[in-house]
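The values are calculated or read from the model by the stated rules, or taken from the named source; none is laboratory data. Since we're looking at a predicted model, the values are computed, not measured. Please note: Cβ atoms are built from the backbone with ideal geometry, for glycine as well, and neighbour counts cover all protein chains shown.
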Amino acid sequence: MNQPTGARKPAYKTEVWIPHKNGLGIKNWIIDKTSAHSYSWKFYLKVFKLIVKGSKLMKYPVLGKIYKTLMLFSNENQHTSATIYNLNVDVSEQGESVAVPMDLVKDAINQSSYIASMKTCICRDAQKCQHYPLDVCCLFLSKAGKRVVSHGIAYEISKEEALKRVDRAAELGLICQALWVEVEQYIWGFANDEMNSFIEICFCCPCCCVGINLSRNATRDVKERFRPSGWTAVVDKEACIGCGECCPPGMCPQEAISVNAGKAVIVQEYCVGCGICRSRCTHDAIKICNTGSMLSSMKEYFLVEGGLDLEF
């Protein structure tokens, strides 16, 4: 197996995001009334579709700038952050005792004082997914979880149930992402002072996930908001036959993989270890390996990669 070079390394942010105060609460009241509730769910299914369709505008300079501003992806807002925790990684060369991304996901769940599960996956529901179940869906921790429950779109679950959710997602081959997305304050109705405890753990399919599809259409500055947890895809040059099944046009959300000189090649600086390419390889020529330093916790990933000092 070839040794990857240039794997992306975490870089500590010089500025840490500080949550806004509630003030008079007018903004919070408006957000609460206009955000996703059980009675407005169908409307937000259409919103999620529009987010993906609109992301195609990013290739046009003026329209792309407008889209990024609406999504709070502009250069002045550098806080939106996502880390990929692949639940199925290859540990054959590291040994069974090595820490893996799933450990950090379960640690975050065990440390949380409150856990809520969405009633259904909004991405798969919006796209009417035929490949993955709707009920293996997002978890919200802490105050964010209580907020979505109060809106009738989620329910409280135990730590034991949440841990089983992680195992089920791994069995299905779903991609785990931990997300903090500024614009989602308006979608889920989080108050300003709840944003410093906004932790969203998603179990994403490669076909319907808004984040993955948005990244596919995104410019590089937005793609960089999605980062690996120290594990990326690596090609076994001896097993690879260069068939290209792993990288049809538009499949890799990071545009990190291609076929060159008869072999698949992965740009480690771009790869986030989502494993979509591995799932498509019929020759077992791609592994998800530990190519970079792992941090100690999900909270530290948010701090290091996104400048977010979150509480949960």
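General observations
- LEU214 meets the conditions (1) aliphatic (A, V, I, L, M); (2) surrounded by fewer than 22 Cβ atoms within 10 Å (Cβ to Cβ); (3) under 19 Å from ILE51 (Cβ atoms) in every case but one. The failed one is (2).
- Lone unmet requirement of (1) within 14 Å of the chain's Cα centre (by Cα); (2) surrounded by fewer than 18 Cβ atoms within 10 Å (Cβ to Cβ); (3) acidic (Asp, Glu) for GLU200: (2)
- Hey, ASP309 farther than 29 Å from PHE73 by Cα and surrounded by fewer than 23 Cβ atoms within 10 Å (Cβ to Cβ) or not: no
Condition check ((1) within 16 Å of the chain's Cα centre (by Cα); (2) among the small types (Gly, Ala, Ser); (3) over 25 Å from LEU308 (Cα atoms)) across all residues:
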residue: LEU141; (1), (2), (3): yes, no, no
residue: ARG147; (1), (2), (3): no, no, no
residue: HIS151; (1), (2), (3): no, no, yes
residue: ILE157; (1), (2), (3): no, no, yes
residue: GLU160; (1), (2), (3): no, no, yes
residue: VAL166; (1), (2), (3): yes, no, no
residue: LEU174; (1), (2), (3): yes, no, yes
residue: VAL183; (1), (2), (3): yes, no, no
residue: TRP188; (1), (2), (3): no, no, no
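- Figure legend. Inter-residue proximity from region 266-285: first residues closer than 17 Å to VAL222 by Cβ, second residues of a type in the set (Gly, Ala, Ser) and in a helix (DSSP H, G or I), beta-carbon distance below 9 Å, spacing 6+ or different chains. Indicated pairs: VAL272/SER215.
- Restricting region 233-254 to residues that are small (Gly, Ala, Ser) and under 25 Å from the mean Cα position of the chain (by Cα), the residue that is farthest from CYS207 (Cα to Cα) is ALA233.
- Residue within region 74-81 that is modelled with pLDDT under 95, β-branched (Val, Ile, Thr) and loosely packed, with under 13 Cβ neighbours inside 10 Å present: no
- Pairs, first among the hydroxyl-bearing types (Ser, Thr, Tyr) in region 68-79, second modelled with pLDDT of 80 or more, C-beta under 8 Å, six or more apart: SER74/LYS65; SER74/LYS68
- Here no strands (runs of 3 or more DSSP E) wholly within region 181-268 include at least 2 residues being at pLDDT below 95 and among the acidic types (Asp, Glu).
- Residue in region 5-35 that is surrounded by the fewest Cβ atoms within 10 Å (Cβ to Cβ), counting only those that are at pLDDT below 60 and on the phi < 0 side of the Ramachandran plot: THR14
- Flag for SER150 being modelled with pLDDT under 95 and out of contact with any Lys or Arg (no Cβ under 6 Å at 6 or more places or on another chain): no
- Criterion: in contact with a His (Cβ under 8 Å, 6 or more places away or on another chain) and crowded, with 20+ Cβ neighbours inside 10 Å - qualifying residue of CYS252, CYS240: CYS240
- So SER293, is it among the polar types (S, T, N, Q), part of a helix (DSSP H, G or I) and on the phi < 0 side of the Ramachandran plot: no
- Among the conditions (1) over 26 Å from ILE66 (Cβ atoms); (2) among the aliphatic types (A, V, I, L, M); (3) out of contact with any Leu (no Cβ under 6 Å at 6 or more places or on another chain), the only one that ILE212 does not satisfy is (1).
- Region 255-282, subset over 16 Å from the mean Cα position of the chain (by Cα) and among the hydroxyl-bearing types (Ser, Thr, Tyr), residue surrounded by the fewest Cβ atoms within 10 Å (Cβ to Cβ): THR282
- Residues in region 113-140 that are modelled with pLDDT of 95 or more and of a type in the set (Ser, Thr, Tyr) were compared, and the one that is surrounded by the fewest Cβ atoms within 10 Å (Cβ to Cβ) is TYR114.
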